[in-house]
Amino acid sequence: MSENSLAIRKFSDLANPTRFLALADRMLPWLAALTALFFVVGLWLSFTTEGDYQQGETVRIMYVHVPAAWLSMMCYSVMALAALGTLVWRHPLADVSSRAAAPIGACFTFLALVTGSLWGKPMWGAWWVWDARLTSVFVLFLMYLGLMALNRAMDDPARSSRVSAVLVLVGFVNIPIIKFSVEWWNTLHQPASVLRLDGPTIDPEFLRPLVVMAIAFTLLFFTLHIAAMRNEIWRRRVTSLRRQAARSAGREA
Amino acid sequence: MMSHAAYVFASYGIAILTVVSLCLWVIADGRARQRELRELEASGVRRRSAEVSSGETR
């Protein structure tokens, strides 16, 4: 096999954008189909399982609220890993990954905030309270928007990547604050009932649809993230080709 | 006061709307970038690495 082969044999081979594009083309249809399958089963379970004896039908909001909130934090963690990749290993795809993830994370955080509000009104009697959990998630939403604005403000990715990576890493301090806010402070938001050291305290009737929906949302995130990374690679190729064309036009003139 | 079902349907409605718009945006962005790449290629602009590798396989 020649050195130019596009087959991926080692993890480091993914550093080649052309190889990444070939892998993305092969993976995306399967990932999208799997995501759709999990959503069909998850939505079916969400509406066929029983309501809660206290919360009634509103417990079904949990099946979108909780996965969206998990994803909002996982997406930021993926961006923080990518930021490390940019600063420590100078991985060529790390900045692409971080940039592509920001709008997706913003959407999931928006969903967590809105569905939480729609759950809070009937259960707590308030659309919004400034408790530690809600406020820290709102700060996360603002950070996603800030990072998107920063990424768009600077034209040259080579220069903006380091600044944006430092900002992502500084902002990562918010993730443990979100996770443990319900334990450190007295919040209206309930403490964790699924990811606990002593196991889930939630009834299997609610846990089943929740887990299926969480897998569906996670698959959706990776499908969209890989597709958005592919778009970002194409966007950079268009920019560099246009520069190249402008340079050669300048030489001919 | 809305019924409980209204809160549930509003939540799922907004979730579906957000997810579908995000998917459509990613697809539209990809198509627009591919179109630009095709236009550049049609006007004779090629990536230098593509020129090198096609040169080697000859």
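The values are calculated or read from the model by the stated rules, or taken from the named source; none is laboratory data. Keep in mind that this is a model prediction, so the values were computed, not measured. Don't worry about glycine lacking a Cβ; one is built from the backbone with ideal geometry, like all the others, and counts go over all protein chains shown.
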What is the one condition in (1) part of a loop (DSSP other than H, G, I, E, B); (2) at pLDDT 80 or above that A:A7 does not satisfy?
-> (2)
Can you spot a residue in segment A:107-114 that is touching a helix residue (DSSP H, G or I) at 6+ places or on another chain (Cβ under 8 Å), surrounded by fewer than 23 Cβ atoms within 10 Å (Cβ to Cβ), closer than 17 Å to A:P191 by Cα and of a type in the set (F, W, Y)?
-> no
Consider only pairs whose beta carbons are under 7 Å apart and that are at least six residues apart or on different chains; among these, list those whose first residue lies in segment B:1-29 and is facing chain A (nearest Cβ under 7 Å) and over 18 Å from A:H225 (Cα atoms) and whose second residue is outside any helix (DSSP H, G or I) and of a type outside the set (F, W, Y).
-> B:H4/A:G56
Unmet requirement for A:V114, which otherwise passes all of (1) within 14 Å of chain B (Cβ to nearest Cβ); (2) among the β-branched types (V, I, T); (3) in contact (Cβ under 8 Å) with a residue 12 or more places away in the chain = (3)
Lone unmet requirement of (1) touching a residue at least 60 places away in the same chain (Cβ under 8 Å); (2) more than 28 Å from B:E36 (Cα to Cα) for A:F221 | (2)
Restricting attention to segment A:109-123, does a residue exist that is out of contact with any Gly (no Cβ under 7 Å at 6 or more places or on another chain) and closer than 17 Å to A:F172 by Cβ?
-> yes
